[in-house]
1. Residue 52: without any contact (Cβ under 8 Å) to a residue 24 or more places away in the chain and surrounded by fewer than 18 Cβ atoms within 10 Å (Cβ to Cβ), yes or no?
2. Picking from 27, 69, 44, 107, which residue would you name as being within 14 Å of the chain's Cα centre (by Cα) and surrounded by fewer than 20 Cβ atoms within 10 Å (Cβ to Cβ)?
3. What number of residues within the range 83-93 are in contact (Cβ under 8 Å) with a residue 24 or more places away in the chain and either surrounded by 15 or more Cβ atoms within 10 Å (Cβ to Cβ) or not in a helix (DSSP H, G or I) (or both)?
Amino acid sequence: MPRFKHEAFIKHMEHFVEELDDEKFNRAWEIVVACVEVHARIDREPKESKLKSTSRAWADFALAAQGERATPTMVGMLEELVTMCPSFNQWDGTLDQHISEAIALGRGNPGFVRWGRPVRKEPLLYLIEGRREELGEPMF
């Protein structure tokens, strides 16, 4: 598998972060960058270069951004970044679009953009059984 070009990913995201110029979002991005660097240093395999380890860590962050299996740390950092993004840029899809573009650049395929975060497979709300009785519906 080719190396994830984290430099391109970071550069693309930094342009977006600078464009928004939001204090909380800037802080969240800086935390993500610093934590991914630490993650790469700690998870570095024996005889693995710093570049390869860093690339692997950013690839893991990209997997988290696309709803794929990733370390809980990366999922948490993504959630922090999304939460701190100004609401309008979350709702209009701008954040998702920039992350997808950055991932495509990191994978060396800027023409392919998988836009948007995935939809959850499990429901967010559950109907409590007792409520059905109140509505006159059978429980089973």
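Computed from the coordinates by the stated procedures, all read-outs in this text should not be read as laboratory data. Predicted model only: the values in this text are computed from it and were never measured. Every residue, glycine as well, gets a Cβ built from its backbone with ideal geometry; the counts of neighbours run over all protein chains shown.
1. Values: without any contact (Cβ under 8 Å) to a residue 24 or more places away in the chain: no; surrounded by fewer than 18 Cβ atoms within 10 Å (Cβ to Cβ): yes.
No, not satisfied.
2. Working: 27 fails: within 14 Å of the chain's Cα centre (by Cα); 44 fails: within 14 Å of the chain's Cα centre (by Cα); 107 fails: within 14 Å of the chain's Cα centre (by Cα).
Every option except 69 fails the conditions.
3. Of the residues in the range 83-93, 4 are in contact (Cβ under 8 Å) with a residue 24 or more places away in the chain and either surrounded by 15 or more Cβ atoms within 10 Å (Cβ to Cβ) or not in a helix (DSSP H, G or I) (or both).
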